[in-house]
């Protein structure tokens with residue numbers, strides 16, 4: 001039962017965060033067209049199902065790397081580094097999933113260009129969210145998950 005509670009707490013946060021970021025990326029990819037809502041929702045679903053498992057593993061790996069590289073650094077600085085690292089990695093993956101879902105590309109250079117635009121337009125939002133999450137939500141979530 002505890003696992004179900006933990007999933008029920010974490011899942012809405014993941015979907016909300018992914019939804020915000022894929023909204024920005026979908027807008028960058030196709031603008032507010034007739035297909036926008038459908039494309040945004042499918043991008044959110046695809047990204048959430050790929051991002052959640054990757055994200056949980058990546059936060060553990062990045063946290064361990066940060067701890068080993070900065071053992072005597074203040075926790076707030078480590079958490080900021082973790083947040084920025086997570087934002088870059090997860091944004092890159094979400095931008096790829098969103099671009100694949102939204103844009104029929106004909107060449108790798110076209111895909112990379114479209115991906116880069118989606119990534120860079122959403123990165124400031126992702127950085128703000130990620131740093132906020134690692135500084136305020138992550139410590140509370142860790143305490144909740146440990147209980």
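The values are calculated or read from the model by the stated rules, or taken from the named source; none is laboratory data. What you see is a predicted model, and the numbers here were worked out from it, not measured in a lab. Here Cβ is always computed from backbone atoms with ideal geometry, including for glycine, and neighbour counts include all displayed protein chains.
What the table shows:
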| quantity | calculated |
| --- | --- |
| Residue within the stretch 118-134 that is farther than 19 Å from residue 18 by Cβ and surrounded by 13 or more Cβ atoms within 10 Å (Cβ to Cβ) present | no |
| Single condition residue 130 does not satisfy, out of (1) part of a helix (DSSP H, G or I); (2) at pLDDT 80 or above | (2) |
| Qualifying residue in the stretch 64-72 (condition: more than 16 Å from residue 16 (Cα to Cα) and modelled with pLDDT under 85) | no |
| Residue list for the stretch 6-58, restricted to those being at pLDDT 85 or above and over 17 Å from the mean Cα position of the chain (by Cα) | 29, 30, 31, 32, 33, 34, 35, 36, 37, 38, 39 |
| Filter result for residue 51 (in a helix (DSSP H, G or I) and in contact (Cβ under 8 Å) with a residue 40 or more places away in the chain) | yes |
| Number of the exception - residue 99 against (1) under 18 Å from residue 18 (Cα atoms); (2) free of Cβ contacts under 8 Å to residues at least 40 places away in the same chain | (2) |
